[in-house]
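Below is one structure, written out as structure tokens; comments come after it.
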Amino acid sequence: MGHLLGRKEREPFAIVHADIATGDEQGTVERDMTILVGADGRIEQVTPSQQAYIPADYHQIDATGKYVAPGLINAHTHLFSDGRPLTSGATSQKTQKTAIKLLHSPLGKVYMRSQAKANIMTLLNSGVTTMRTMGDVGYEAVALRNRIDADDMIGPRILASGPLLAIPGGHGDPLIALASSNPEEARRNTRINLDHGVNAIKIAATGGVTDATKLGVAGTPQMTEEEMAAICDEAHEYGVIVAAHAQGQEGVMRALKAGVDTIEHGSALNDEMLELFRHNPRSLRGYSILDPTLSAGLPLTQLSQEQLGISDIVRGNSELVVDGMVQGARDAHANGIPVGVATDTGMTFVPQYTTWREMDLLVRYAGFTPAQAFNAGTQVNARDLGFEDVTGSISIGKDADMIVLDEDPVKNLRTLASPRLVIAKGRPVWRPEVKHFPEIDQLLDTF
Ligand SMILES: [Zn+2]
């Protein structure tokens, strides 16, 4: 059993003869490189193979003919579902009430934890080494993050949001939200999440698609600018970035004015909005980011209702907001606004393993080059989520978050669907494997 790594130890290793897909905006590849990873899980050396000195106790992994790339970063995930269609019954109030009782019962919590763990392992095995949750049932993502940070288990680096913050009866309430009716309550709920150890905050600024019970709810403003500003003030005080589910121009505008750092889903962007993305005085870092989540939007309008198994209400609400999401992605990209790779995993037709598809959709629907899309899912996301010192590129001193691929991802993004090796903070996942839903994969391939 000598070859099995102990729980906390890592063994140092060298990846030799690797072509590095750097993840920069130009799609640069560095040929025949050697990467040394220390026992602390950090990258010690990145150097042309002929100049490399490899200490005798380092395992060597020969990557001849393979590409080594930075691990992927997914800025918008949910861990309570695996992405198979949520049945139309899930949108009825009665079902929601039953579900909330179950999920918050002791047995429900055990179920939730195992579900969340299975889903992060799928993310990891699909090459995601850093992720942000954007609305959890409770604090199951916080617990998993703590175990991973303590080296108790292998997993991706996690920004965990806990329940989202919403108005009573608003998007996410009651299933995955804490509700508030005024700025003081909104601030208090923010504190509750921060006290539970979250390192991300998520607001429901507007109505959503999947849990709406009426047509017209998606994209309708729900939280006031004052309530969102109170949440941002509180979170920013602790250096925590705030995301807002915002569809429709009015809701996006309010969220930006309140100081929200990342806009999830979005809408077509006018000049005033573009200016607020560029210079957002109330945001944590002075600018805001768009996460268009095309993976969650496009299936709902591109596939038939029969294929999706969704209700008329869900279909109708999608039609109200999805075109705006796509237009927003185009507007942001054309105007140099940072755009993140974020899929909204767990939603209808968004399995945990399809992060690469978001990059593909950014290319086909929003004017990105493949190099720009891959850059967004690695270096750009690392910077915008506050991790640029530790991940996002294969650089000396950063954590060894890497994937080994058959092809250059910039030449063929689909190669990201089957990484041959995933390394998270220097810990390898040999022969990564995920359980696919072939019917969903096939339908996603059709548009
Ligand atoms: Zn979401």
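At a glance:
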| read-out | value |
| --- | --- |
| Thr446, Thr348, ranked by accessible area, largest first (probe 1.4 Å) | Thr446, Thr348 |
| Gap separating the Cα centres of the range 11-73 and the range 407-447, nearest whole Å | 20 Å |
| Nearest 10 degrees, 0 to 90: helix 249-258 Cα axis against the chain principal axis | 70 degrees |
| With all protein chains modelled, accessible area of His78 [1.4 Å, Å²] | 10 Å² |
| Neighbour net charge for Asp344 - beta-carbon separation under 15 angstrom, K R +1, D E -1 | -2 |
| Cα centroid of the range 266-318 to Cα centroid of the range 381-396, whole Å | 25 Å |
| Surface accessible to a 1.4 Å probe, Glu237 within the full protein complex, Å² | 150 Å² |
| In the range 260-348, the trypsin sites (Lys or Arg not before Pro) that fall in loop regions by DSSP, at most 14 other Cβ within 10 Å | Arg285 |
| Net charge over other residues, Cβ less than 14 angstrom from the Cβ of Asp445 (K, R count +1; D, E count -1) | 0 |
| J(HN,Hα) series, the range 132-139, from Karplus relation 6.51 cos²θ - 1.76 cosθ + 1.60, nearest Hz, glycine and proline x | 10, 8, 10, x, 10, 5, x, 10 |
| Under 5 Å, built H, 5+ apart or other chain: amide partners of Gly219 | Gly207, Gly208, Gln247 |
| Karplus-derived 3J(HN,Hα), 6.51/-1.76/1.60, for each residue of the range 314-331, Hz, glycine and proline x | 5, 4, x, 5, 4, 4, 6, 10, 5, 4, x, 4, 5, 4, x, 4, 5, 4 |
| Mean separation of Cα contacts under 8 Å, 6 or more apart, over the residue count of the range 176-251: relative contact order % | 39 percent |
| ³J(HN,Hα) computed for each position of the range 65-74 - Karplus, 6.51 cos²θ - 1.76 cosθ + 1.60, integer Hz, glycine/proline x | x, 10, 10, 10, 10, x, x, 6, 10, 10 |
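The values are calculated or read from the model by the stated rules, or taken from the named source; none is laboratory data. Remember, predicted model here, so these are calculated numbers, not experimental data. Here Cβ is always computed from backbone atoms with ideal geometry, including for glycine, and neighbour counts include all displayed protein chains. We work out accessible area using only protein heavy atoms, side chains counted, and drop any ligands, DNA or RNA first. Shrake-Rupley method; radii C 1.70, N 1.55, O 1.52, S 1.80 Å.
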